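To keep things clear, I will list the structure first and then write my remarks on it.
Here, each number is a calculation from the coordinates, and none is a lab measurement. Keep in mind that this is a model prediction, so the values were computed, not measured. Don't worry about glycine lacking a Cβ; one is built from the backbone with ideal geometry, like all the others, and counts go over all protein chains shown.
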Amino acid sequence: MGRIHILPDQVANKIAAGEVIERPASIVKELLENSLDADASHIRIDVESGGRKLVRVADDGCGMLKDDALLAFERHATSKLSDVKDLLCISTLGFRGEALPSIASVSRLVLETRSAEELSGIRIEIAGGRLLKAEECALSTGTTVSVRDLFYNVPARRKFLRSEQTELAYIAALVTHYSLAHPDKTFLLRSESKDLLHVTPVAALRERLYQVFGGQLLQDLVEIPVQQRELGFPLADYENAATAQASSAAESKILRLYGFVSRPQFQKLNRKSIFLFVNHRLIHDRLLLHALSSAYYNLIPQGCFPFALLFLECDYSEVDVNVHPSKTEVRFRHGPAVHDFVRDTVRQALLESKPAPTLPVSARMQPAASLPYSEFSQQLENQRWVETIDPTAIQQQGSNLSGALVPELMLRPVPGPSPRLDLSGSDRLDKIEAGSEAPLNFVKIPATHREFPEGAWADEAGSMLALSEARPLGQIHDSFIVAAGRDGLWIIDQHVAHERILFERLLKQCQSGSIEKQTLLLPLLLELTPAQQVEYARISGELRALGFEIEPFGQRTIAIKAAPADVGQADIEKILFEVLEMEDRELRKLSINDLRRAVAASIACHAAIKINTKLDQSKMEWLLAALCATDYPMSCPHGRPVALRYSTREILRSFHRI
């Protein structure tokens, strides 16, 4: 008798279940995707004991015919594929036909379904892969799948499940992901008779974000409107130029990307807040994760991650989703083009918005009714604005401001010159301390209409562009510049601000080949270790491009003859050793472009203005102007925030004005 034999279907299904069903969340994923493929508009998920005792997914989709419902539990039975060519263009979330038989082989499963084409539905009960009952019953259109006692017949798999709370967290995260991808549908997740997530259809993705995460997160996000790029066919994809020319007439494919990403100052310590979808399929793709990391390179610190909700849409033939049983990994036909498109789009969105970090405010203060201007300030808070303010209307509110003296800071219209405290000349602070007139400018309000812009005090996310209108007032400990602007108060770290300026200037000079150098009077000799020698050989070209002139001087010694103009001679050795002693793993995973940026960041850090350095008014003004002229003024090349903004609304709240 031969040694090779065919495995029984029950054993084969259990093996397949080991690939497809890892935990209760895997069941939710498969059933949820089936509901979405069935065009359901309302999906309800019930869970007990973290999914161990029960996972039930009910939908109002198209349902199944009675014969199809019985056939669905056969291996590789599917309505979504009919030919091998269909694998090249998969448009549905599910397609393998493994989910239902795999789930049924390791649980007690009940399927209830009815198609709109039939007057009655069918109820099928299966335990451990064996059909127990199939009967006709009265049901509404749609499908309900109840899975009980997961892995009851495979104890070895059951003992590897985590705690109930951990398994429930996986399920909640999964349902949250898909609710974000389908804002036009209702999702209800219940556990032990408690609603964990309940979202109803909304018109815009921003509204679904608000439903799931609340309004606080939205303030830290930058929206990426739909961006698209034509996907070409590189010459390398073809065997010869003639073939490429013959294919040039082929229809071009379009990549589309949209969603939300966080401002650089919003940082996470893991990737759990990164939601990536390809053609509305939830995926975990290294290519897209690397593209996102590259977009934030030099904007957030190493080891930190942004929030991202990104939707990539492309032709179905451009992505292969049949590379993993769980269908969470994909392979792109033109991977490098997709990578660059995602990276460039996210970085361009951050460049255009230039979001400004804000000072953390612990508590929202409530307006105090007994304070001056309280009722008028309440109008500011509620934003009940009109084009003009009638003094008689103000009198009816109990605040007779007609003809009164009020600070110009509160009444200056926008746009216009930014409100400032005049601390020069006769209004110096030392005269205030001596009891002279305060430096606040006061204006007389005539008994006429005065225009206020609608939403003048709206507490929106500020842009770093507003910093260009701010006026430096002085320094804190000769390290931080304090500036007053139309939109509030700014605190700028002078070292990292100058670091960002020098960093971008170095990269632009390097790109144009016009790097500024300084020739050393005497060459600087450095002795390298064997490991440093290897790394030096790898990055010597980038060092040369950034202004270093280095030649070998003996077996393990190099001679530095020139360096970038901004670097002091005492810092040259520090810069080189800092770059050469980067962790091998970190250094080797960087692309050539990222490597150049890493070297430029090190140069800029050592060449920038140091803390505890006193700056005069002209230098502070130049620093702010040069910072605003950079592409990414939000962060230093190492990811630290450059400036913090204390908005006018927060100032008013802190002083109980609103």
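Tabulated values for the structure
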| item | result |
| --- | --- |
| Neighbour-count order for Trp622, Trp490, fewest beta carbons within 10 angstrom listed first | Trp622, Trp490 |
| Exposure proxy ranking, count of Cβ atoms within 10 Å, fewest first, for Leu54, Leu350 | Leu54, Leu350 |
| For Phe266, Phe655, Phe187, order by how many other beta-carbon atoms lie within 10 Å, fewest first | Phe655, Phe266, Phe187 |
| Label-to-label distance, nm, for residues given as Arg544 and Glu223 (7 Å Cα→Cβ offset) | 4.9 nm |
| Across Lys29/Lys253; Lys517/Lys561; Lys354/Lys517; Lys66/Lys133; Lys53/Lys194; Lys29/Lys53, pairs whose alpha-carbon gap is larger than 19 Å | Lys29/Lys253; Lys354/Lys517 |
